[in-house]
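Nothing in this text is a laboratory measurement; each read-out follows from the coordinates by a stated rule. Everything numeric here is computed off the predicted structure, so don't read it as measured data. Using ideal geometry, Cβ is built from the backbone for each residue, glycine included, and neighbour counts are taken over all protein chains shown.
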Amino acid sequence: MRVNNLMKISGLAAAGLLALSACAPAATSPTAGGSESPSSSSSSSPSASSAASSAPSEGASSGSYKVASWALPVSDAGDKLGSLKGDSFSVDVFQVATDVASKDSMFVDKETKENLLKKGAPIVYVNYVVTNTSSADIPLSHSLVTPNAKYTDWKYLGGMPSDSSSDGFKKHGLTSSGIKLKEKDPFVLKPGESFNIAENFAYTAGKEAEIKATMTPQNAAGDLDHDKKETAETTVTLK
């Protein structure tokens, strides 16, 4: 296996290197999987930005979603790419907008010295709408249910770099936290209620990405109940 390394940059100076192991060779064709069939892809301009629809008022429903009282408004803007389904929750995946990175990421490849997400590089914003599909309340900690995307040919351990600027999320009507300010755990997600949380990463139209989500509820003592942990995953194709 080929070993790739990442170097973490702080300010203008390199602070250290992170060694990452390569997965399957890039030449290997990625294999789609998961419970949803990938959506057909269509070409789009990487630097083009599409604005999200106006956000609903707090606690209001957005489309077919009933927003939890502690959650920020849910946006169902964009193209629905697929869904993940656990035993007691589901996650709808929306491709909301494309934009460009506002700054260099913190990670570069040690061998090539190339930044893995350069300033001005195309990025895509993906929004995840999580819904309680069970008949029971689900008490959640601050970790909530946090889905993450990774390209099927991503060759580094760990997640993909993103643009951490909050301006981009605000611009497209999205949230990277999902929770209203001053709300305290447990965040009880009642049957049929939803919340949303978004992320961004490097954009390539027509590329397959694996989406994985883990939900670990909170018990009465305020600890994570790992015995009730659920996971779900699928593969989608970016438009």
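So, R0 is 30 Å and r is the distance between the beta-carbons of residue 212 and residue 113; what FRET efficiency does that work out to, to 0.05? Can you show the working numbers first?
On the way: r = 30 Å, r/R0 = 1.00.
With a Förster radius of 30 Å, E is 0.50.
Calculate the spin-label point distance for residue 167 paired with residue 66, positioning each point 7 Å from the Cα along the beta-carbon direction, and give it in nanometres.
4.0 nm
Give the Kirkwood hydrodynamic radius (Å, one decimal) of the stretch 96-144, defined as one over the mean of 1/r across all pairs of different Cα atoms.
Result for the stretch 96-144 stands at 14.3 Å.
What Kirkwood hydrodynamic radius, in Å, does the stretch 141-239 give when the mean of 1/r is taken over all pairs of distinct Cα atoms and then inverted?
For the stretch 141-239, inverting the mean 1/r across all distinct Cα pairs yields 15.5 Å.
I'd like the FRET efficiency for residue 80 and residue 221, computed as 1/(1 + (r/R0)^6) with the beta carbon distance as r and R0 of 41 Å, rounded to 0.05.
Values: r = 38 Å, r/R0 = 0.92.
After rounding, the FRET efficiency stands at 0.60.
Please give the length that would be gained between residue 87 and residue 148 if that part of the chain were fully extended, namely 0.36 nm times their separation in residues minus their C-alpha to C-alpha distance (nm, one decimal). Intermediate values should be presented prior to the final figure.
On the way: separation 61, 0.36 × 61 = 21.96 nm, distance 1.85 nm.
Net length gain for the segment: 20.1 nm.
Of the listed pairs 113/239; 190/228; 80/119; 118/180; 66/184, which have alpha-carbon separations greater than 22 Å here?
113/239; 80/119; 118/180
Please give the contour-minus-distance gain from residue 133 to residue 184: 0.36 nm per residue of separation, less the Cα-Cα distance, rounded to one decimal in nm. Mind dumping the intermediate values first?
Details: separation 51, 0.36 × 51 = 18.36 nm, distance 2.28 nm.
Result for the pair: 16.1 nm of gain on full extension.
Could you order the peptides 123-131, 108-116, 219-227 from most to least packed, using the average number of other C-beta atoms within 10 Å per residue?
Listed from highest to lowest mean packing, they are 123-131, 108-116, 219-227.
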